[in-house]
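Written out below as structure tokens is the structure these notes cover.
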Amino acid sequence: MAERVEVSEEEPDGGAAPPPVSAAMMADPRALGRGTLMAAQAHVETAPELDAEPVTSGPVETPAPDLGRARDRTLAGDRWIARVLRVGAVLSGGMFVLSLCLEALPESESIHVAIDQLRKAAASLLLVTPVARLGVAGTLLGLRGEWRYALIAAGVLGLLALAVGAGIQA
């Protein structure tokens, strides 16, 4: 049971208000002088004991169902983007490691060709992974109805395709 402290209207120090006390100061009483702590505690009024009634949630506290679905779609999109990046990085790294393991084998023309092909494929995959991520992000943004960002992603992909095409022609 909580103890109730009565507070009189008359100030204890001849009408002078007690100095302000923060919660941090109350937690460490050594930071305060004895008189300040006593004056601050004299002005603290504890709440009366409440009846044991169950706490019910009102209609304001429940989240809107549309927000939960939008959040789930956003998280699913983020997971797809993370998967694309993770798979690209793991496959590329695996190809590099495999090419290093092939160097331990006895030298032959077919081994050198395999090492060269693996390293080229790994480097290409490492470069294509962010482009694939941009494609997935643009698609997901389009599916969500964010056409402005989907068009920006499509524009960037178009510029990359144009640059690669011009580089191949040269």
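Answer yes if at least one residue in the range 161-170 is surrounded by 11 or more Cβ atoms within 10 Å (Cβ to Cβ) and touching a helix residue (DSSP H, G or I) at 6+ places or on another chain (Cβ under 6 Å), and no otherwise.
Among the residues of the range 161-170, not one is surrounded by 11 or more Cβ atoms within 10 Å (Cβ to Cβ) and touching a helix residue (DSSP H, G or I) at 6+ places or on another chain (Cβ under 6 Å), which makes the answer no.
If you take the residues in the range 99-110 that are part of a helix (DSSP H, G or I) and touching a helix residue (DSSP H, G or I) at 6+ places or on another chain (Cβ under 6 Å), which one is farthest from residue 132 (Cα to Cα)? Working first, answer last.
Start the filter on the range 99-110 by keeping residues that are part of a helix (DSSP H, G or I), which leaves 99-102, 109-110.
If we keep only those that are touching a helix residue (DSSP H, G or I) at 6+ places or on another chain (Cβ under 6 Å) as well, we get 99, 102.
Working: 99: 24, 102: 29 Å.
It comes out as 102.
Return the only residue of 82, 89, 104, 122 being in the same structural domain as residue 153 (by TED's automatic domain parsing) and more than 30 Å from residue 153 (Cα to Cα). Outline the logic, then answer.
Details: 82 fails: more than 30 Å from residue 153 (Cα to Cα); 89 fails: more than 30 Å from residue 153 (Cα to Cα); 122 fails: more than 30 Å from residue 153 (Cα to Cα).
Going through 82, 89, 104, 122 in turn, the sole match is 104.
The values are calculated or read from the model by the stated rules, or taken from the named source; none is laboratory data. Nothing here was measured: the structure is a model prediction, and the numbers come from that model. Cβ atoms come from the backbone with ideal geometry, glycine included; neighbour counts cover every protein chain shown.
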